[in-house]
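Trainee: Structure incoming, see below.
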Amino acid sequence: MITFKGKEVKLNGKLPKLGEYAPNFVVVDRELKEKTLNDFSDRIRIISSVPSLDTSVCSIETKKIEEMMKKFSDEFVFLTVSMDLPFAQSRWCGVNNVEKVITLSDYKYKSFGLNYGVYVSELGLLARAIFIVDKDNKLRYIQLVNEITNEPNYEDIESALVNIK
């Protein structure tokens, strides 16, 4: 059960399973260019699904993972996907001096949200989740946060990253 401020919400789409090939998606970057999962296939992808970077929990989460990523090589890439418009994502990154995170917007197609089973239609937002996809496009880690307004388990994410090569 997934909740938002204690109220149960319905996730739309299909949550993939560990070990499966990661579903592809089409999102928009800060320059309004379409991007897919395969655009980052040369690296291990950490994909963070958040409701909005302009909320305190999403902001804290993205900054904490930005710091975590400094411990890892360029073999890893951190993608944050939200329904925020690319302009808002760009502004947020500039104001918060975020450089390692690549922000991507699912506002146009809802492709990521539906393909990863994290789109909450009644809110028009994405649920909070972390996915790690290896270079072979297999899902190696999934953390779906039960209460959307809570932060993920960072220690668990870091442990998963250390064990993926």
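Trainee: Could you tell me whether any residue of the range 81-92 is in a strand (DSSP E or B), of a type outside the set (Phe, Trp, Tyr) and closer than 12 Å to Ser49 by Cα?
Mentor: Yes, that holds for at least one residue.
Trainee: Could you list all residues from the range 14-31 that are at pLDDT below 95 and closer than 26 Å to Cys93 by Cβ?
Mentor: Arg30, Glu31
Trainee: Might you let me know whether the range 76-98 holds any residue that is hydroxyl-bearing (Ser, Thr, Tyr), more than 18 Å from Ala22 (Cβ to Cβ) and either in contact with a helix residue (DSSP H, G or I) (Cβ under 6 Å, 6 or more places away or on another chain) or free of Cβ contacts under 8 Å to residues at least 40 places away in the same chain (or both)?
Mentor: Checked the range 76-98: no residue is hydroxyl-bearing (Ser, Thr, Tyr), more than 18 Å from Ala22 (Cβ to Cβ) and either in contact with a helix residue (DSSP H, G or I) (Cβ under 6 Å, 6 or more places away or on another chain) or free of Cβ contacts under 8 Å to residues at least 40 places away in the same chain (or both).
Trainee: From the residues in the range 17-32 that are part of a loop (DSSP other than H, G, I, E, B) and more than 14 Å from the chain's Cα centre (by Cα), which one is surrounded by the most Cβ atoms within 10 Å (Cβ to Cβ)?
Mentor: Arg30
Trainee: Only one of Leu79, Leu123, Leu85, Leu104 is closer than 22 Å to Lys14 by Cα, surrounded by fewer than 19 Cβ atoms within 10 Å (Cβ to Cβ), touching a strand residue (DSSP E or B) at 6+ places or on another chain (Cβ under 8 Å) and of a type in the set (A, V, I, L, M). Can you tell me which?
Mentor: Residue meeting the stated conditions: Leu123.
Trainee: Turning to a different aspect of this structure: Quick check on Gly113: is it touching a Gly at 6+ places or on another chain (Cβ under 9 Å), in a loop (DSSP other than H, G, I, E, B) and either within 23 Å of Lys33 (Cα to Cα) or in contact (Cβ under 8 Å) with a residue 40 or more places away in the chain (or both)?
Mentor: No, not satisfied.
Trainee: Does the range 33-47 contain any residue that is free of Cβ contacts under 8 Å to residues at least 60 places away in the same chain, assigned to a strand (DSSP E or B), surrounded by fewer than 20 Cβ atoms within 10 Å (Cβ to Cβ) and not small (Gly, Ala, Ser)?
Mentor: Yes, the conditions are met somewhere in the range 33-47.
Trainee: Just to verify a result, which residue in the range 32-65, among those that are farther than 20 Å from Glu158 by Cα and of a type in the set (Val, Ile, Thr), is modelled with the lowest pLDDT?
Mentor: Thr55
The values are calculated or read from the model by the stated rules, or taken from the named source; none is laboratory data. Treat the numbers as computed from the prediction; the structure is a model and nothing was measured. Every residue, glycine among them, receives a Cβ derived from its backbone with ideal geometry; neighbour counts consider all protein chains shown.
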